[in-house]
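One structure below.
The values are calculated or read from the model by the stated rules, or taken from the named source; none is laboratory data. Nothing here was measured: the structure is a model prediction, and the numbers come from that model. Counting neighbours? That spans all protein chains shown, and the Cβs are built from the backbone with ideal geometry, glycine included.
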Amino acid sequence: DQQVKQNSPSLSVQEGRISILNCDYTNSMFDYFLWYKKYPAEGPTFLISISSIKDKNEDGRFTVFLNKSAKHLSLHIVPSQPGDSAVYFCAARGLQGAQKLVFGQGTRLTINP
Amino acid sequence: GAGVSQSPSNKVTEKGKDVELRCDPISGHTALYWYRQSLGQGLEFLIYFQGNSAPDKSGLPSDRFSAERTGGSVSTLTIQRTQQEDSAVYLCASSLGGGRAPDTQYFGPGTRLTVL
């Protein structure tokens with residue numbers, strides 16, 4: 001039962017263009033959503049988050065959009081840079097107040113020069 | 001300041017042996033989490049410690065898995081009688097905890113476990 005899904009295992013984008021990573025979830029009780037970025041042989045690093053009471057959160061080149069009715073969120077990176085090449089994980093929190101995160105399978109983003 | 005550290009970084013063991021994985025959280029963080037990432041999969045929650053409260057063990061896949069957190073700091077994840085399906089990267093994270101929101105989790109580099 002995959003409660004958080006990232007249906008695209010990989011994405012390739014040209015440097016300078018917009019990268020859009022998508023994530024779908026099934027449980028409406030999630031109250032907080034996060035994106036983590038992971039380089040090989042390193043742990044995931046926190047990137048940006050959004051509360052379920054908002055529909056957009058922006059931090060520099062990164063913007064997360066949340067569509068609660070569709071149970072869908074997306075991460076926009078613009079402009080994309082070579083250093084953005086990594087695996088991006090979507091995560092959700094909040095079932096019955098639990099602090100544990102439920103992760104998607106990840107999307108490998110490759111930025112081409 | 002130091003981040004979350006884990007040891008060993010790599011562990012190769014034979015099927016049936018026991019292994020111990022260690023996590024040193026960020027100083028001052030009261031919450032500690034263990035996750036694992038199998039090949040091609042997302043991170044799977046295993047166990048969560050918050051201060052002196054009873055841990056949330058709901059993610060442990062079998063009774064061969066156990067974890068403890070001594071003195072509210074260092075944690076050890078133990079896997080007894082390892083099986084090949086236990087092969088994965090085991091990740092530890094810590095956060096300030098205390099019920100605050102948001103409570104960002106900071107991850108260590110992980111321990112890659114290979115069971116032959």
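Within region A:30-66, the set of residues being within 14 Å of another protein chain (Cβ to nearest Cβ) and part of a loop (DSSP other than H, G, I, E, B) comprises A:Phe30, A:Asp31, A:Tyr39, A:Pro40, A:Ala41, A:Glu42, A:Gly43, A:Pro44, A:Ser52, A:Ile53, A:Lys54. The set of residues in region A:72-103 that are modelled with pLDDT under 95 and in a loop (DSSP other than H, G, I, E, B) comprises A:Gly94, A:Ala98, A:Gln99, A:Lys100.
Among the numbered conditions (1) small (Gly, Ala, Ser); (2) within 21 Å of B:Tyr35 (Cβ to Cβ); (3) in contact (Cβ under 8 Å) with a residue 40 or more places away in the chain, tell me where A:Ala41 comes up short. Status for A:Ala41: all satisfied but (3). You will find that of B:Leu39, B:Leu60, B:Leu32, the residue that is under 17 Å from B:Gly108 (Cβ atoms) and touching a residue at least 12 places away in the same chain (Cβ under 8 Å) is B:Leu32 and no other. Of the set (1) within 14 Å of another protein chain (Cβ to nearest Cβ); (2) more than 26 Å from B:Leu96 (Cα to Cα); (3) in a loop (DSSP other than H, G, I, E, B), all apply to A:Ser69 but (1).
In region A:4-54, of all residues being among the basic types (Lys, Arg) and closer than 20 Å to A:Pro79 by Cβ, the one that is surrounded by the most Cβ atoms within 10 Å (Cβ to Cβ) corresponds to A:Lys37.
Across region A:94-113, the number of residues qualifying as touching a residue at least 24 places away in the same chain (Cβ under 8 Å), within 11 Å of another protein chain (Cβ to nearest Cβ) and over 14 Å from the mean Cα position of the chain (by Cα) comes to 3.
Across region A:43-51, a minimum of one residue is classified as over 13 Å from the mean Cα position of the chain (by Cα), at pLDDT below 95 and within 29 Å of B:Ser5 (Cβ to Cβ).
If the condition is being surrounded by 14 or more Cβ atoms within 10 Å (Cβ to Cβ), of a type in the set (S, T, N, Q) and under 30 Å from A:Arg108 (Cβ atoms), then region B:41-74 contributes only B:Gln41. Name, by its number, the condition in (1) crowded, with 18+ Cβ neighbours inside 10 Å; (2) facing chain B (nearest Cβ under 10 Å); (3) free of Cβ contacts under 8 Å to residues at least 40 places away in the same chain that does not hold for A:Ala91. With respect to (1) crowded, with 18+ Cβ neighbours inside 10 Å; (2) facing chain B (nearest Cβ under 10 Å); (3) free of Cβ contacts under 8 Å to residues at least 40 places away in the same chain, A:Ala91 is out only on (3). The number of residues in region A:72-88 being more than 11 Å from every other protein chain (Cβ to nearest Cβ), surrounded by fewer than 21 Cβ atoms within 10 Å (Cβ to Cβ) and free of Cβ contacts under 8 Å to residues at least 60 places away in the same chain comes to 5.
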